[in-house]
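Report on the structure given below.
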Amino acid sequence: MQASRSLLTASISLCALIGLWGVIDPAGLLTIASTIVDQYFVSRGWFVMLSVTLMLLFCLGLTLTKFGDIRLGADTDRPEYSTPTWIAMLFAAGMGVGLLFWAVAEPLTHYHFAREMLPAPIAAEQALLAANFNWGIHAWAIYGTTALAIAYFSYRRGTPMLVSAPVRNLFPGERWADIVGWFSDFMAIAAIAIGVAGSVAMGVFQVADGISVLFGSEAAGPVLIGVVFFVMIAAYIPPLLVDLGSGMARLSNIAMMLAIALVGYTIVLGPSEYLMNSIIGGIGTYISVVIPRGLQTFTFYGTEANTWFHDWTLTYMVWWIAWGPFVGVFVARISKGRTIREFVLGVLIGPTLFSTIWFGAFGGVGLYETLNGTGELLAMTQTNVERMTFALFDRLPFATLTTLVTVLAAFLFIVTSVVSAAFVLGTFSTGGDPNPSVRVRVIWGGLLGVLGAAMILSGSLQAVKKLIALGALPFVFITVLLFACLIRALLQDANRKPAHADR
C-alpha cells in the first residue's frame, strides 16, 4: 500500500512538474529535451533498432512453435470481442490520430529529402517505403511484445496488469526486483503521459486546421487552437466519470469506420489505377526488405542521412516504445481468451496491412500530384504540414464533407486515446487497481491536458516529437526487460506442463 501511494504521488508530481515547466518555459524544456535525445540517438540508436528487430523475430517465431497454442487465460476462455472489433480497438489505441495527421505529409517529406540524392521514381518508392516502415510491423512488434508480456503474466500467472508484475513474479521477495519494479511502473507512467499528450497536441493542431479550412481561413490561430483544446478536454472528462466499457468499443469502431471510408473514398475518386499500383507495389517493396531494414542505421551515408534517420525512424521507434505500456495494457485487457498465435498474427498483420494501404492511397495521391502535377503538396511540407491532409481532399470531390469526416475521426481518436490512457495511468499509479477511482482518473485526465498544453506551447511538431522521445528513453530498457521476462516465463511453464489450447 505504501509503495502504491508513493508511486501515485511521485508520478503525479513528475508529470505535473513537466507540464508546468512546459507551460512556463517551453523553450527551455525543448532545449534540454533535444540535447538529451540527440545524444542518446547518436550513442544508442543501434540498440533501439536491434531490440525492436529482435522483438519482431521473437513474435513471429512464437507463431511457429507450440507456444503459439497457449491461450491468454484459462484453456476454456474465449475472446470477449469479435476479431474485427478487437482489431479496430487496438488500432484506435495504437495509431489513431497520427495516421490522419501524417497520411500525406510523411511520404512527401521523405520524398523531398530523397529527391536530392535519387532519381524521382526511386525517391518516390523509397519515400513510401520509409513511411510504411515507420508505421509498420516493427511498431506493432513493440506493442505486441509489451502486451503479450502483461497479458501472459496476468492471465496465466494471476498478476496485476502492471509493467512491474513480470519482474516481481519471477523474482518474488527480492529487494532489487521490488526496486526495479517500482521504477518500471514509474517510468511507464511518464512514458504514457508524455506520449499521449503529444498525440493530443497533434490532434488539436489537425482539428483546428480542419476547422479553419471549413471557414476559409489561411491558418489556425492561437485562439482557435485554444478553443479546440478546451473543447477536447470537455469531451473526454465526462467518460472518465463512468466505467470503461462497451462505449469505448463503439467509439473505436466509429473512428475506424470513418478511417476506412476516407481511404476507400480516396482510392475510388482519386487516380484509382495509380493508387492501386502504389498500394500493391508498396506492400511488395516493404515485405522484401522489412527485416534487413530493421537493422539499418545509415552509418555510412553522411550527416544529412543520419539526421533524417534520427528525426524519423529512430524517433518513431522510441515513440512506439513510449506508447508501449499504455497500448500493452489496453490490448491485454481486450485480448483475454485468444491464443498467442491469434494474438500475434492479429496484432502484427491487421494494423500493418491497413497502414500500408493507408500510405499507399494518401501518399500515392501526394506523389502523383508531385510527379505529374504542380507540386503544391510537396511545397507545403516545408510550410504547413498540419494542412496537408485537408489540401489533398481539396483536390478531390466533396472536399467539405471529407474535411468534416477527418475532423470528426481525429476528435474521436483523441478522445478514445485519452480516456483509455487515463484509466491505464490510474491502474498503474494505484498498484494495479483495474477500476481506479473517479478522482484518480480525473486527476490523470487533467494532467494529460496540462502536458498537452505544454506540447502545444512548444510551438512545433518537431518539438512535440522530441518531448515524446525524451519521455520514452528510460522505457527502452524496461521494454527489453519485459521481453526477457516473457521468454523466461514461457520456458519455465513449458517444462511444467504441455502448452496447448482447448479447442
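Does T383 satisfy the criteria of being without any contact (Cβ under 8 Å) to a residue 24 or more places away in the chain, in a loop (DSSP other than H, G, I, E, B) and within 18 Å of A124 (Cβ to Cβ)?
No: the conditions fail for T383.
Those residues that are touching a Ser or Thr at 6+ places or on another chain (Cβ under 6 Å) and closer than 10 Å to L275 by Cβ, I need them from region 363-379; list them, please.
G364
So M232 passes all but one of these: (1) within 23 Å of S429 (Cα to Cα); (2) touching a residue at least 24 places away in the same chain (Cβ under 8 Å). Which condition number does it fail?
Of (1) within 23 Å of S429 (Cα to Cα); (2) touching a residue at least 24 places away in the same chain (Cβ under 8 Å), only one is false for M232: (1).
May I ask you to verify whether L348 is open to solvent by 30 Å² or more (accessible area, probe 1.4 Å), of a type in the set (A, V, I, L, M, F, W, C) and in a helix (DSSP H, G or I)?
In short, no.
Output yes when any residue across region 261-282 is open to solvent by less than 60 Å² (accessible area, probe 1.4 Å) and under 26 Å from L54 (Cα atoms), and no when none is.
The answer is yes; a qualifying residue exists.
For the subset of region 237-260 comprising residues that are modelled with pLDDT under 70 and not in a helix (DSSP H, G or I), which member is most open to solvent (accessible area, probe 1.4 Å)?
The selected residue is D243.
Mind checking which residues of region 81-96 are at pLDDT below 80, in a helix (DSSP H, G or I) and open to solvent by less than 10 Å² (accessible area, probe 1.4 Å)?
A88, M89, L90, F91, A92, A93, G94
Return the residue satisfying two criteria in turn: it lies in region 393-410 and is open to solvent by less than 50 Å² (accessible area, probe 1.4 Å) and of a type outside the set (S, T, Y), and of such residues it is nearest to W320 (Cα to Cα).
A410
Every residue in region 285-319 that is of a type in the set (S, T, Y), touching a Leu at 6+ places or on another chain (Cβ under 9 Å) and in a helix (DSSP H, G or I), please.
T285, Y286
What residue, of T381, T416, is of a type outside the set (F, W, Y), within 30 Å of S154 (Cβ to Cβ) and crowded, with 19+ Cβ neighbours inside 10 Å?
Selected residue: T416, the only one of T381, T416 that is of a type outside the set (F, W, Y), within 30 Å of S154 (Cβ to Cβ) and crowded, with 19+ Cβ neighbours inside 10 Å.
Does region 329-339 contain any residue that is in a loop (DSSP other than H, G, I, E, B), in contact with an Asp or Glu (Cβ under 7 Å, 6 or more places away or on another chain), touching a residue at least 40 places away in the same chain (Cβ under 8 Å) and open to solvent by less than 30 Å² (accessible area, probe 1.4 Å)?
Checking region 329-339: at least one residue is in a loop (DSSP other than H, G, I, E, B), in contact with an Asp or Glu (Cβ under 7 Å, 6 or more places away or on another chain), touching a residue at least 40 places away in the same chain (Cβ under 8 Å) and open to solvent by less than 30 Å² (accessible area, probe 1.4 Å).
State all residues of region 275-306 that are among the polar types (S, T, N, Q) and touching a helix residue (DSSP H, G or I) at 6+ places or on another chain (Cβ under 9 Å); if no residue qualifies, say none.
Matches in region 275-306: N277, S278, T285, Q296, T297, T299, N306.
The values are calculated or read from the model by the stated rules, or taken from the named source; none is laboratory data. The structure displayed is predicted, hence computed values, not measured ones. Cβ atoms come from the backbone with ideal geometry, glycine included; neighbour counts cover every protein chain shown. The accessibility values were calculated without ligands, DNA or RNA, using every heavy atom of the protein model including side chains. Shrake-Rupley method; radii C 1.70, N 1.55, O 1.52, S 1.80 Å.
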